[in-house]
1. Answer with yes or no whether residue 23 is modelled with pLDDT of 80 or more, crowded, with 16+ Cβ neighbours inside 10 Å and assigned to a strand (DSSP E or B).
2. Answer with yes or no whether residue 284 is more than 15 Å from residue 180 (Cα to Cα) and either modelled with pLDDT of 90 or more or in contact with a strand residue (DSSP E or B) (Cβ under 7 Å, 6 or more places away or on another chain) (or both).
3. In region 262-273, which residues are crowded, with 18+ Cβ neighbours inside 10 Å, touching a strand residue (DSSP E or B) at 6+ places or on another chain (Cβ under 8 Å) and at pLDDT 85 or above?
4. Could you please find all residues in region 137-160 being part of a helix (DSSP H, G or I), in contact with a strand residue (DSSP E or B) (Cβ under 7 Å, 6 or more places away or on another chain) and surrounded by fewer than 24 Cβ atoms within 10 Å (Cβ to Cβ)?
5. Among the listed residues 53, 4, 30, which satisfies the condition of being closer than 21 Å to residue 231 by Cβ, at pLDDT below 95 and small (Gly, Ala, Ser)?
6. Please find, within region 239-273, the residue that is nearest to residue 116 (Cα to Cα) out of those that are of a type in the set (Asp, Glu) and in contact (Cβ under 8 Å) with a residue 24 or more places away in the chain.
7. Would you point out which residue out of 76, 129, 93, 121 is at pLDDT below 95 and surrounded by fewer than 19 Cβ atoms within 10 Å (Cβ to Cβ)?
Amino acid sequence: MSPGPAEQDDSIGLIGGLDPTGGAGLLRDGWTVQAVAPQLRQLAVVTASTRQGGDVPVQVGPVDPRGLARALARLAAAPRLRALKIGMLPPDAVALVEALVLELRRRERPPSIVLDPVLRATAGGSLGAASSLLALARHVDLITPNRDELGALAQALRADGQVHAHASEALAAGLGVAVLAKGEAPKRAPLAAPLAVGRVCDRLLLPNPSAGPSQRLFERPRCAGPDPRGTGCALATAIACGLARGQAMTEAVAAAIAWLDAARRHLHPGRDGRPHLPWHSSQRP
């Protein structure tokens, strides 16, 4: 990803959980910013600490709400905040983060906001309820659900009376925000060939109130090898970096997907026994 117009004192906010293995969460977010947009100043807010690894369900310890509120207030006061990436939110943290987002939206130059709706850990264990994120999701620029998260969020929308045949279209139309549906099969003509074996497709839906959501497909060869931890965190953060540097949504998503595909060629074993994305500077794609 080539450098954009971001200046040295521009900043990016990172809100999410702390994964001590470094595979995902804020540590992965921070590495991604350093790899993709090192000129951006990082401002991190911890919403919870987790214990993961050993093939056991994740254990989550939320932070004290008063401490979280103070940390979010410091983030809101930061000058030149150009983007905000939101990751794991325990239920008690959602309202506080939503209040921050609404405050940021009132700015003359609001930051771009990307929500990675983390609902379940890879090793098992719930990390939040889809219904609790819907109000927040209406005020962001982009949400980046995987297939399971997409289904859960669409189901929560249907409970509100919104009915659409395609989950990503349900979110884009029902929430009025852009949706990057990771791994969602593209809609094709009745006689068109299905997605070929060995290929993957991410589907970007851009809201259009008058004509319905428009789409951009990112179809490409599937990366060989195991599925590493932290890809959702890294992708959402890389997109936020592109938006912080002034890229348009489609451009930022395309660049982030290409960067992540390259990073997946340099996996290493993590402390939790699972493959991780690269960590050290010598392992950057």
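1. No.
2. In short, no.
3. Selection gives 267, 270.
4. Of everything in region 137-160, just one residue is part of a helix (DSSP H, G or I), in contact with a strand residue (DSSP E or B) (Cβ under 7 Å, 6 or more places away or on another chain) and surrounded by fewer than 24 Cβ atoms within 10 Å (Cβ to Cβ), namely 148.
5. 53
6. Only one residue tops the list, namely 261.
7. Criteria check complete, one pass: 129.
Results for (1) free of Cβ contacts under 8 Å to residues at least 40 places away in the same chain; (2) under 19 Å from the mean Cα position of the chain (by Cα), shown as yes or no for each residue.
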| position | (1), (2) |
| --- | --- |
| 80 | no, no |
| 92 | yes, no |
| 107 | yes, no |
| 114 | no, yes |
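The values are calculated or read from the model by the stated rules, or taken from the named source; none is laboratory data. The model shown is predicted, which means the values in this text are computed figures rather than measured ones. When we count neighbours, we look across all protein chains shown, and the Cβ atoms used for this are built from the backbone with ideal geometry, even at glycine.
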